[in-house]
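The values are calculated or read from the model by the stated rules, or taken from the named source; none is laboratory data. The shown structure was predicted, so the numbers you read here are calculated from the model rather than taken from an experiment. Because the Cβ atoms are built from the backbone with ideal geometry, glycine has one as well, and the counts that use them run over all protein chains shown.
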Amino acid sequence: MEPLALINLAVFLGVLLLAAYPLGLFIARVADAQANPAGSILGRVESFLYRIAGVDPQEDMSWRKYAVSLLVFSLIGVLVVYAVQRLQLLLPLNPQGFGAVSADSSFNTALSFVTNTNWQGYGGESTMSYLTQMAALAVQNFFSAACGMAVAFALIRGFARRVLASDAAGKNGLGNLWVDVTRCTMYVLLPLSFVFAVVLVSQGVIQNFDEYQDVATLDAVTYETPKLDAAGAPLKDASGAPVMEKIVTKAQTLAMGPVASQEAIKMIGTNGGGFFNANSAHPFENPTPLTNFLQMLAIFLIPAALCFAFGRMVGDMRQGWAIVAAMSVIFVAFALLALWSEAHGNPGIAALGVDISGGNLEGKETRFGAIASALFATITTAASCGAVNAMHDSLMPLGGFATMLLIQLGEVVFGGVGSGFYGMLIFAVLAVFIAGLMIGRTPEYLGKKIQSFEMKMVSIAILATPMVVLVGTALAVMLDPGKAGISNPGAHGFSQVLYAVSSAANNNGSAFAGLSANTPFYNVLLGIAVWIGRFGVIVPVLAIAGSLANKQRSEATVGTMPTHGPLFVVLVIGSVLLVGALTYVPALALGPVVEHLQVFVK
């Protein structure tokens, strides 16, 4: 299995870099307002949108205005998504007649989709109408991804913009949020999603507005249901237990819907989740090995491309390659751990006489197998994308450890659209600060001095999500409503809770699905976690960008540490892993580490 795993990983990374490089150059043009100038058709459409919205595209926002605008925009999105869910029974495109979603679930879902998390405590095909899926959830898939890209643009401009010594009164802004969101949506997210949706349809992903279909199965299905009296009340025996009757049927209801269009943006925008509860394990969402590969590629495409856009925008492509290298090294290390773990299977199952030569196949689709499933799991947790094609609750302990720690590193290993990149730049700033302390020089990154204000904001950005994760996990395992959702006692049950809160706070959205999280307690806890995890990072990032934009950019000297070579890459990797280790290893030791020892050490 190991050669196959290595080949899969190598092919994936090779295709990713070939696709991401030209896309990154195009994204740099989008950020600099060079793509589709005003005279083009799309340029005229863009200008029309600004006019009807009353937006001045030439306005250069300060970091505070940029941040407030983003927060207000997101809050409006939360209110709209919440209202559509609560009113969906009264709205059209609801052929199944789904009723209003509960208040706590609507609250959680609204916050989750607006923050690019897409945590789903419900089954999509049994809860959400077509209109809710399209007009509320899919719209936020575009806007939340565009907002992440906009913040990345703002931070890059903070490094790239120059302030001349002769212009001490001059002030640089970070661009215009409304322009950035509009251009990211029009020129990047919509075209890529349209093309990807067409490809998915060609492979068998469904796209319709039909009512759910009842079809005949090849084999009869037997299930039990309570027997009812003439008044419709359940019959009970002498002991008071319900009387059950067996039903034998050869019919199955298949959910329909506009799946391909939702699937495309959820992957391209690293939103995650799914039209169906089974996500990309469902054959209507992910029918073939080709769609499986393309979905993995789509998750990493824009996050990798933003690294090259960064290099182009700061005028040194080596800077972009350095960030790509740091991300790739960490990703490959964790991917190899997960692939090795899932390829070897569970010795407890082997002891029962079961052949485990195909790896750990529990909770996996046989059409993908252990290798493709483990690679998908690593990719979706390295990025802040909650889409899954296998049950993460069934991963081997080290496979669960790899996916969980990738999330806990802050989703900076490629990460989400925009969020992974600006998160990694925060660690790059931390790396140059540490290097500056070691050599006794004022740290600089791309010619901008890193001083006390920037480091305070870096500290807030790095520590905000771990605080939410650890406090939230502690509350969940101490309080009865939190413990009630755990399906597996002991170390694995702790892992279920730790993974869920880590996934929410770091805007991932995947889960150890053995946790019953669609309860008022978890819906509120995880809803608060996704909001703090998103904006507890974004606001400090924008503050750093605003400070850097108004600093003079000094020229490199013989004493300046290069930030494009192997030493810098190692420093960045060390900063990411060191923070993750110091923060989460004690908690991980209580979960997947203990579970691994229980499985393999007798």
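Would you pick out the residues in the range 221-240 that are surrounded by fewer than 10 Cβ atoms within 10 Å (Cβ to Cβ) and of a type in the set (A, V, I, L, M)?
Ala230, Ala231, Ala233, Ala238
Can you pull out the residues in the range 114-138 that are in contact with a Phe, Trp or Tyr (Cβ under 9 Å, 6 or more places away or on another chain), closer than 23 Å to Ala255 by Cβ, assigned to a helix (DSSP H, G or I) and not small (Gly, Ala, Ser)?
Glu125, Thr127, Tyr130, Thr132, Gln133, Leu137, listed by residue number.
Out of the range 110-138, which residues are of a type outside the set (Phe, Trp, Tyr) and within 21 Å of Gly415 (Cα to Cα)?
Looking only at the range 110-138, we keep the residues that are of a type outside the set (Phe, Trp, Tyr), and these are 110-112, 114-118, 120-121, 123-129, 131-138.
Across the range 110-138, the qualifying residues are Leu111, Ser112, Val114, Thr115, Asn116, Thr117, Asn118, Gln120, Leu137, Ala138.
Mind checking whether some residue in the range 533-544 is under 30 Å from Arg162 (Cα atoms), in contact (Cβ under 8 Å) with a residue 40 or more places away in the chain and more than 22 Å from the chain's Cα centre (by Cα)? Even if it seems obvious, please write down each step before you answer.
First, pick out the residues of the range 533-544 that are under 30 Å from Arg162 (Cα atoms): 534-544.
When the remaining residues are screened for being in contact (Cβ under 8 Å) with a residue 40 or more places away in the chain, the result is 534-544.
Subset that is more than 22 Å from the chain's Cα centre (by Cα): 543-544.
Taking every residue of the range 533-544 in turn, at least one turns out to be under 30 Å from Arg162 (Cα atoms), in contact (Cβ under 8 Å) with a residue 40 or more places away in the chain and more than 22 Å from the chain's Cα centre (by Cα).
Quick check on Ala350: is it free of Cβ contacts under 8 Å to residues at least 12 places away in the same chain and within 18 Å of Pro397 (Cβ to Cβ)? Reasoning before the result, please.
Numbers: free of Cβ contacts under 8 Å to residues at least 12 places away in the same chain: yes; within 18 Å of Pro397 (Cβ to Cβ): yes.
Against the criterion (free of Cβ contacts under 8 Å to residues at least 12 places away in the same chain and within 18 Å of Pro397 (Cβ to Cβ)), Ala350 qualifies.
So which of Val101, Val78 is part of a loop (DSSP other than H, G, I, E, B) and either crowded, with 16+ Cβ neighbours inside 10 Å or under 18 Å from the mean Cα position of the chain (by Cα) (or both)?
Of the residues listed, the single one that is part of a loop (DSSP other than H, G, I, E, B) and either crowded, with 16+ Cβ neighbours inside 10 Å or under 18 Å from the mean Cα position of the chain (by Cα) (or both) is Val101.
If a residue has to be crowded, with 24+ Cβ neighbours inside 10 Å, part of a loop (DSSP other than H, G, I, E, B) and of a type in the set (Val, Ile, Thr) to count, how many in the range 506-530 make the cut?
So the count comes out to 0.
Within the range 114-134, is there a residue that is within 20 Å of the chain's Cα centre (by Cα), hydrophobic (A, V, I, L, M, F, W, C) and over 20 Å from Ser503 (Cβ atoms)? Reasoning before the result, please.
Start the filter on the range 114-134 by keeping residues that are within 20 Å of the chain's Cα centre (by Cα), which leaves 114-124, 133-134.
Add one more test, that the residue is hydrophobic (A, V, I, L, M, F, W, C), and what stays is 114, 119, 134.
Among the residues that remain, those that are also over 20 Å from Ser503 (Cβ atoms) are: 134.
Looking for residues that are within 20 Å of the chain's Cα centre (by Cα), hydrophobic (A, V, I, L, M, F, W, C) and over 20 Å from Ser503 (Cβ atoms), one finds at least one in the range 114-134, hence yes.
May I ask you to verify whether Tyr50 is among the aromatic types (Phe, Trp, Tyr), under 29 Å from the mean Cα position of the chain (by Cα) and over 24 Å from Ala549 (Cα atoms)? Let's see the steps before the verdict.
Details: among the aromatic types (Phe, Trp, Tyr): yes; under 29 Å from the mean Cα position of the chain (by Cα): no; over 24 Å from Ala549 (Cα atoms): yes.
No, not satisfied.
Among the candidates Ser328, Ser341, Ser280, which residue alone is polar (S, T, N, Q), assigned to a helix (DSSP H, G or I) and within 18 Å of Phe196 (Cα to Cα)? Reasoning before the result, please.
Values: Ser328 fails: within 18 Å of Phe196 (Cα to Cα); Ser341 fails: within 18 Å of Phe196 (Cα to Cα).
Result of the check over Ser328, Ser341, Ser280: Ser280.
Could you list, in sequence order, the residues of the range 208-236 that are under 30 Å from Ser261 (Cα atoms) and either touching a Lys or Arg at 6+ places or on another chain (Cβ under 8 Å) or in a strand (DSSP E or B) (or both)?
Going through the range 208-236, the residues under 30 Å from Ser261 (Cα atoms) turn out to be 208-217.
Hits for the range 208-236 are Gln213, Asp214, Val215, Ala216, Thr217.
Scan the range 103-119 and give yes if some residue there is free of Cβ contacts under 8 Å to residues at least 24 places away in the same chain and either of a type outside the set (S, T, N, Q) or on the phi < 0 side of the Ramachandran plot (or both), otherwise no. Walk me through how you get there before you give the answer.
So in the range 103-119, the residues free of Cβ contacts under 8 Å to residues at least 24 places away in the same chain come out as 103.
Subset that is either of a type outside the set (S, T, N, Q) or on the phi < 0 side of the Ramachandran plot (or both): 103.
So far as the range 103-119 goes, yes, one or more of its residues are free of Cβ contacts under 8 Å to residues at least 24 places away in the same chain and either of a type outside the set (S, T, N, Q) or on the phi < 0 side of the Ramachandran plot (or both).
Pairs only if they're at least six apart or on different chains, beta carbon under 6 angstrom, first in the range 3-14 and closer than 17 Å to Leu301 by Cβ, second in a helix (DSSP H, G or I); list them, first residue then second.
What qualifies is Leu9/Ala335.
Could you give me the residue pairs with C-beta distances under 8 Å whose first residue belongs to the range 458-473 and is touching a residue at least 12 places away in the same chain (Cβ under 8 Å), whose second residue is outside any helix (DSSP H, G or I) and crowded, with 18+ Cβ neighbours inside 10 Å wherever it lies, and which are 6+ apart or on separate chains?
As it stands, the answer is Ile462/Gly410; Thr465/Gly410; Thr465/Asn506; Val469/Asn506, since those pairs meet every condition given.
I need the full set of residues from the range 474-505 which are part of a helix (DSSP H, G or I) and free of Cβ contacts under 8 Å to residues at least 24 places away in the same chain, in order please.
Within the range 474-505, the first condition is being part of a helix (DSSP H, G or I), and the residues that meet it are 474-478, 480-483, 491-505.
Across the range 474-505, the qualifying residues are Ala474, Val477, Met478, Asp480, Lys483, Gly493.
Take the residues in the range 476-505 that are at pLDDT 90 or above and polar (S, T, N, Q), then tell me which one is surrounded by the fewest Cβ atoms within 10 Å (Cβ to Cβ).
Gln496
Conditions (1) assigned to a helix (DSSP H, G or I); (2) buried (at least 24 other Cβ atoms within 10 Å of the Cβ); (3) on the phi < 0 side of the Ramachandran plot; (4) in contact (Cβ under 8 Å) with a residue 24 or more places away in the chain, marked per residue:
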site	(1), (2), (3), (4)
Arg367	no, no, yes, yes
Ala370	yes, yes, yes, yes
Ser373	yes, yes, yes, yes
Phe376	yes, yes, yes, yes
Thr381	yes, yes, yes, yes
Ala387	no, yes, yes, yes
Asp393	yes, no, yes, yes
Gly399	yes, yes, yes, yes
Thr403	yes, yes, yes, yes
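Just one of Leu49, Leu42, Leu70 is touching a helix residue (DSSP H, G or I) at 6+ places or on another chain (Cβ under 7 Å) and either within 30 Å of Ser328 (Cβ to Cβ) or not in a helix (DSSP H, G or I) (or both); which is it? Spell out how you get there, then give the answer.
On the way: Leu49 fails: either within 30 Å of Ser328 (Cβ to Cβ) or not in a helix (DSSP H, G or I) (or both); Leu42 fails: either within 30 Å of Ser328 (Cβ to Cβ) or not in a helix (DSSP H, G or I) (or both).
The conditions single out Leu70.
Restricting attention to the range 382-423, which residues are closer than 25 Å to Phe310 by Cβ and either modelled with pLDDT of 95 or more or among the acidic types (Asp, Glu) (or both)?
Glu411
Quick one: Ser575 ticks every box in (1) farther than 30 Å from Ala322 by Cβ; (2) of a type outside the set (Asp, Glu); (3) surrounded by 19 or more Cβ atoms within 10 Å (Cβ to Cβ) except a single one, so which number is it?
Against the list (1) farther than 30 Å from Ala322 by Cβ; (2) of a type outside the set (Asp, Glu); (3) surrounded by 19 or more Cβ atoms within 10 Å (Cβ to Cβ), Ser575 comes up short only on (1).
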